[in-house]
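The values are calculated or read from the model by the stated rules, or taken from the named source; none is laboratory data. Just so it is clear, the structure is predicted and the values come from calculations on it, not from any experiment. When we count neighbours, we look across all protein chains shown, and the Cβ atoms used for this are built from the backbone with ideal geometry, even at glycine. The area values use the complete protein model at the heavy-atom level, side chains included, leaving out ligands, DNA and RNA. Shrake-Rupley method; radii C 1.70, N 1.55, O 1.52, S 1.80 Å.
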Amino acid sequence: MENTEALGGGNFIHDLDEFFAKKYSDFDLIASMPSYESVTISMILKNKNRIEEGEYAANEMRKISYQPDPAKVLAELKERYVDNAFTFSVRIAPFKKRLAAFFGSKNTVGKLIARLVKNYGEAPETLAEKLGVSEEVWNGVLKGKYIPEKPLIYKLTLMLGVSHDDNIRLMRECGCAYDYSDARDVVVRYLVDYRIYNREMIEKAFDEYRLRRLL
């Protein structure tokens, strides 16, 4: 189900920005912004001096959200961000997984994806064109020959409106995880967490961060 009302329709970009500022972790890029200012652990702890919070604070002090002027730093990052990451849609499954698929195992990634697609009201065998992959590649996924990489997992997730739990399970089964130093991963995680699957809103979120559209 598309969640277009929970965040007030057009106001969702503000919420996305706040989420991004708290999650994005490419400190080298953040620190290169003209408005970036050094932040100390003591500033994060606000003089509480609790040792157990030190490690957490050391990580958090690198985030945009703890900058004196986070909106300005984020605006600069958006303006300068270049989406130059490249990943293939699939990779060849390990031999043991391909062998299990050949002998009809019900626990292959391909079978999991087929069940997931059916649960969200689509026919697995008809999705190749919608996902932007060849019939040969998609059939290879369903048969366990190939394992989806993140771009294809994200397309499936956003196109079907997959739940947070199903998305995380699919990522895990495919050997993937969110990388918060990648702006695309942060934006997709926000859309998944808040169940924003309206096509126009997805495109607006990607455009806001100068990301190549997936759908």
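Values as computed for the structure displayed
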{"item": "Reduced Cα scattering model of the range 88-142, Debye log10 I(q)/I(0), q = 0.19 Å⁻¹", "result": "-0.68"}
{"item": "Model label zone, Thr126; criterion: amide N under 20 Å from point 7 Å along Cα-to-beta-carbon; scope the range 132-172", "result": "132-143, 155-162"}
{"item": "Cβ crowding within 10 Å averaged over residues, with 90-103, 186-199 ranked highest first", "result": "186-199, 90-103"}
{"item": "Computed magnitude of the charge dipole of the chain (debye, nearest 20; Cβ of K, R +1, Cβ of D, E -1)", "result": "980 debye"}
{"item": "Sites excluded, GluC sites (Glu not before Pro) in DSSP loops with at most 16 other C-beta within 10 Å, longest stretch of the chain", "result": "38-121"}
{"item": "Surface per residue (accessible, 1.4 Å probe) for the chain, Å²", "result": "56 Å²"}
{"item": "Estimated Rh, the chain: Kirkwood, alpha-carbon pairs, angstrom", "result": "19.0 Å"}
{"item": "Cα-based shape type of the range 107-215, given that a ≥ b ≥ c are square roots of the gyration tensor eigenvalues and the cut on a/c is 1.5", "result": "prolate"}
{"item": "Kirkwood hydrodynamic radius over Cα pairs of the range 67-164, then Stokes diffusion coefficient at 20 °C and 1.002 mPa s, in µm²/s", "result": "140 µm²/s"}
{"item": "Cα principal axis extents for the range 150-212, largest first, Å", "result": "30, 24, 18"}
{"item": "Cα lying deepest toward the dipole's positive end in the chain, options Leu116, Gln67, Ser181, charges on Cβ", "result": "Leu116"}
